[in-house]
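I have placed the structure first, in the form of structure tokens, so that the comments after it can refer back to it.
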Amino acid sequence: MDDDQVVLYSTRGHVATIMMNRPGMANAQDTALIDGIDHALDLADADDEVRVVILAGKGKHFSSGHDLKELVGDTEAGEWRKMRETPEGKFRHEQVMYVDRCRRLYAFRKPTIAAVQGACVAAGMMLACMCDLIVAADDATFQNPVLRMTGAGVELLVEPWELGVRKAKEFLFTGEKLDAQEAWRLGLVNRVVPLAELTERVEELADRVALVPPATAQVVKDSLNQTATFMGKDASWKYHFMAHHWMHNTETALSALEARQEKQSMSEVFAEHRD
Ligand code: ZN
């Protein structure tokens, strides 16, 4: 385990922990971090000793969402950023890097638990919601404030499934934060624990889930996910992804993006959209 890697992977007994390791960037998800999680899932999948996977973020925050600096603004244009210059490329980028990667975690055959502290924003929340269980520290907040910046949510519309449709509308239209207690009341998270005990309490929960024979856990997980499929989750996610991309390519979004590219930093962009 190399401390300067953007994703750390470790195992203890039947539990693997995938730790996002960009604490200075609030675990903003850039290409390296998304690839790192995917690679760690390969390791957890291949290791028969591993029965349960914890997804956590180092530092004060779980994840501030996608790292937009890599894709807009004045950083050097990487492969993906170049691809995003056309609607086709933008769709492809988000399909491969966001939707497929998230859906892989969602469908991962072994049970997964997200350990969430601090800010869990936009694609950070999307990522946490791909896990089977979510344990929140008492300082955790959930927010998806992208609508004012023209974004049609993020790529997978998790909110109606997690919060109910009416609350999802309020959450998205206002961009307001949900605190951990409210997230628990709405059923977005399974448990709220003191911040200082987050790691320990998540590991306890993981050890408990690991008592289920792996084949059983995997069958039941798949069946629960299939239930959601029968309720329309997959079709609605697919619909939203198309709608999300229609919005990306509108004049409304493109002119906002152009204005954003002239800004010095993303914090300047976010500051502009705060209350
Ligand atoms: Zn998008």
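The values are calculated or read from the model by the stated rules, or taken from the named source; none is laboratory data. All values reported here derive from a predicted model rather than from experimental measurement. Every residue, glycine as well, gets a Cβ built from its backbone with ideal geometry; the counts of neighbours run over all protein chains shown. Ligands, DNA and RNA are stripped out before the accessible areas are found, and what is left, the full protein with its side chains, is counted by its heavy atoms. Shrake-Rupley method; radii C 1.70, N 1.55, O 1.52, S 1.80 Å.
Listed by chain and number, the lysines placed with their C-alpha closer than 22 angstrom to that of Lys238 are Lys90, Lys167, Lys169, Lys221; residues fewer than eight positions away on the same chain are left out.
Which percent of the accessible area of the chain is formed by carbon and sulfur heavy atoms (probe 1.4 angstrom)? Reported share for carbon and sulfur atoms: 55 percent. Packing order of peptides 120-131, 184-195, highest average first: 120-131, 184-195 (average count of other Cβ atoms within 10 Å over each peptide's residues). Where only DSSP H runs of four or more residues are counted, the chain gives -13500 deg cm²/dmol as its mean residue ellipticity at 222 nm, each run worth -39500 (n - 2.57). Applying 0.36 nm per residue to the separation of Glu251 and Glu49 and subtracting their alpha-carbon distance, the gain on full extension is 67.6 nm.
Residues whose amide H comes within less than 5 Å of that of Asp138, counting only those at least five positions distant or on another chain, are Val193, Leu195 (H built at 1.01 Å from N in the peptide plane). Spin-label pair Leu195-Asp207: with each label point 7 Å from Cα along the Cα-Cβ axis, the two points sit 2.5 nm from one another. Averaged over its residues, the chain has an accessible area of 50 Å² per residue, based on protein heavy atoms and a 1.4 Å probe.
In sequence order, region 214-231 has phi-based couplings of x, 4, 5, 4, 6, 5, 5, 4, 4, 5, 5, 5, 5, 4, 4, 4, 5, 7 Hz under the Karplus curve 6.51 cos²θ - 1.76 cosθ + 1.60, θ = phi - 60°, and Gly or Pro positions carry x.
If you add up the charges near Val52, with Lys and Arg at +1 and Asp and Glu at -1, over every other residue whose beta carbon is less than 12 angstrom from its beta carbon, what do you get? That works out to 0. Applying 0.36 nm per residue to the separation of Asp234 and His39 and subtracting their alpha-carbon distance, the gain on full extension is 67.8 nm.
Ranked from highest to lowest mean number of other Cβ atoms within 10 Å per residue, what is the order of the peptides 214-222, 54-62?
Final packing ranking: 54-62, 214-222.
Using the Karplus relation 6.51 cos²θ - 1.76 cosθ + 1.60 with θ = phi - 60°, the per-residue 3J(HN,Hα) values for region 242-254 come to 5, 4, 4, 6, 3, 5, 3, 9, 6, 4, 3, 6, 5 Hz, with x marking Gly and Pro.
With contacts taken as Cα pairs under 8 Å at a separation of at least 6 residues, the chain carries a relative contact order of 18 percent.
For region 38-137, run through the GluC sites (Glu not before Pro) and keep only the ones in DSSP coil with at most 13 other Cβ atoms within 10 Å of their Cβ. Taking region 38-137 and a limit of 13 other Cβ atoms within 10 Å, the loop GluC sites (Glu not before Pro) found are Glu49, Glu76, Glu85. Residue separation of Asp4 and Thr174 scaled by 0.36 nm, minus their Cα-Cα distance, works out to 57.5 nm of gained length. Helix 31-46 and the longest principal axis of the C-alpha atoms of the chain enclose an angle of approximately 20°. Look at the alpha carbon pairs under 8 Å that are at least 6 residues apart: their mean separation over the length of region 93-195 gives a relative contact order of 29 percent. For region 88-139 and region 184-258, what is the centre-to-centre distance using only Cα atoms, to the nearest Å? Here the two parts' Cα centres lie 6 Å apart.
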